[in-house]
1. Consider Ser21 carefully, then state whether it is at pLDDT below 95, surrounded by 12 or more Cβ atoms within 10 Å (Cβ to Cβ), part of a helix (DSSP H, G or I) and at negative phi.
2. Would you confirm, using the coordinates I've provided, whether Leu78 is touching a residue at least 24 places away in the same chain (Cβ under 8 Å) and among the hydrophobic types (A, V, I, L, M, F, W, C)?
3. Please work out which residue is surrounded by the most Cβ atoms within 10 Å (Cβ to Cβ), limiting yourself to the range 37-62 and to residues that are within 28 Å of Pro87 (Cβ to Cβ) and acidic (Asp, Glu).
4. Taking Lys29 and the conditions (1) within 19 Å of the chain's Cα centre (by Cα); (2) modelled with pLDDT of 95 or more, which numbered condition does it fall short on, given that it satisfies the others?
5. Write out, first by first residue and then by second, each pair whose Cβ atoms fall under 9 Å of each other, whose residues are 6+ apart or on separate chains, and whose first residue, in the range 23-38, is touching a residue at least 12 places away in the same chain (Cβ under 8 Å) and closer than 19 Å to Leu78 by Cα while the second is among the polar types (S, T, N, Q) and not in a loop (DSSP other than H, G, I, E, B).
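The values are calculated or read from the model by the stated rules, or taken from the named source; none is laboratory data. Model, not experiment: these values are computed from the prediction. Note that we place each Cβ from the backbone using ideal geometry, even for glycine, and neighbour counts take in every protein chain shown.
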Amino acid sequence: MNHDPEATTFSAHIFQLATASLVYMGAAKLPGTDKVEVNLPLAKITIDTLDMLKTKTEGNRTADETALLDDVLYQLRLAFVKAESAPPEPAKNEPGPSSAADAPKT
């Protein structure tokens, strides 16, 4: 098995989980598609996983890793609160308030 130790750093793992959380919050497109889907329960699980890693790796991280993890957790929690309080997006096939059916008749 050919293993590249540079490819699996702790920081890279933090970024992978953070990216997944952003995708679950609808802040980024699903990889390989143009679709954006919101799944807040999965976003929360991913944030909780990062928090668990923070607890379990206490005393074993570099100062840079600690700063990165703290910043990522702060940013993700802030984004989660915003996503949680955002009104749901209407479905693409539902007419919105600016549809022709709602236009004034002349």
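1. Details: at pLDDT below 95: no; surrounded by 12 or more Cβ atoms within 10 Å (Cβ to Cβ): yes; part of a helix (DSSP H, G or I): yes; at negative phi: yes.
For Ser21, the condition - at pLDDT below 95, surrounded by 12 or more Cβ atoms within 10 Å (Cβ to Cβ), part of a helix (DSSP H, G or I) and at negative phi - is not met.
2. It is false that Leu78 is touching a residue at least 24 places away in the same chain (Cβ under 8 Å) and among the hydrophobic types (A, V, I, L, M, F, W, C).
3. Asp51
4. (2)
5. Every condition considered, the pairs that remain are Tyr24/Thr46; Ala27/Ser21.
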